[in-house]
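Presented below is the structure to which this report refers.
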Amino acid sequence: MSIVFGTIFGAALGVSAFICAGVLMAFSFVPLPSMGGIAMAGVLQEVWTGAVKEELNEKTKGTFLDGIEDFSKHVANVGDEMQVIHLVYMGATPDVLINNTTYPIPLQVLDQEDIPISLDKYQTKVTPVTDDELYALSYEKISLVKSKHARAIASSKIQKALHSLAPAGNTADMPVLVTTGADDGAGRKKLIKADLLKLKRACDKLEIPAEGRRLVLCSDHENDISDWDEKFTDQFYNRATGKPYNLLGFELFSYVASPYYNPTTKVKIAFGAVPEATDQMASVFFSLARSAKAEGWTKMYYSDAKTDPENQQNKVNFRHHYIVLPTREDSRGAIISDNV
């Protein structure tokens, strides 16, 4: 820039371009007080927030969240902090008439109320960052900090999403089954093929669309499948990748932090609650046709080191808005490991 503008000014003033460029380059090394204010803070927040958003997107790729219809464009702000989405956008469908001969076509009021739903708010705890690290925009430091915060948020949002998709308890439209296999040696009944067939029959009976039937295996049940007979395992379990293929019409995924249930009452344990010794993890079934997700804004918060003369460090954390939920109280289910 010094060379370009030096040439322009030199030509306009009739002075050597080299002299003008040299003067401009010398001045470019003089720090200006205005450069450390709000403008610099804004740039830093954009850089760091963008890095965290990119990392969050990467962390959720390839998970059971892929393919769930995204309604993020309908998310609205309420004040400066709250993010909401209206239920009316998420799943109401009209009846279909076949070979209709009666006109006018009757009106149908969709049965979902316009209920605003607040997105879940994920906030990380504060990380101290020194002035040198923050204002130098060191790639290594940004990468480290944003990865730690993004990993923490991604883990929480995926775990909360699966818990939200799992039914609260056993109903006619949302079957919650228990495993019937042999003792695994620790007092838990293993998952067997007959258990999955029972879930498939329940889905067929409920006329849940075959396309988009998704089963998220807990770690116990994924391990149980790997213990099935060799021929069956070779057919349905990819030893090269360590992941199961689709099985009995279900798109199979796995997740290590599945929700817990009481196998006797078939009631789901509240999110974040400590399970009892008799509670067991469950594999969760849901239909893509009856699920939705939405993402709000991601924001960086930090306090300037100028306000902390004792430690002379900045403090950084992030806030992320996100929600996954079923759009109807049907087309979901679970298989719980029963106790021996």
message: Please rank Val176, Val316, Val84, fewest neighbouring Cβ atoms within 10 Å first, as an exposure proxy.
response: Val84, Val316, Val176
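Working out 0.36 nm times the residue gap between Val126 and Lys61, then minus their Cα-Cα distance, what length gain in nm do you get to one decimal?
Details: separation 65, 0.36 × 65 = 23.40 nm, distance 2.63 nm.
Stretched out fully, the Val126 to Lys61 stretch lengthens by 20.8 nm.
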query: Fewest to most neighbouring Cβ within 10 Å: what's the order for Ile19, Ile225?
result: Ile19, Ile225
task: Could you list which residues have their amide H under 5 Å from that of Val267, counting only those 5 or more apart in sequence or on another chain, with H placed in the peptide plane?
output: Asn262
- prompt: Dipole of the range 299-340 (Lys/Arg Cβ +1, Asp/Glu Cβ -1, origin at the Cα centre): which of Ser337, Pro326, Tyr302 lies farthest to the positive side?
  reply: Tyr302
- request: Could you pull out every residue, at least 5 positions away or on a different chain, whose amide H is within less than 5 Å of the one on Asp120? Hs are placed 1.01 Å off N in the peptide plane, and Pro or chain starts have none.
  value: Tyr322, Ile323
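Read-outs throughout are calculated quantities, based only on the coordinates presented, and are distinct from any laboratory measurement. This one's a predicted model, so the numbers in the text were calculated from it and none came from an experiment. No Cβ is skipped: glycine too gets one built from the backbone with ideal geometry, and neighbour counts run over all protein chains shown.
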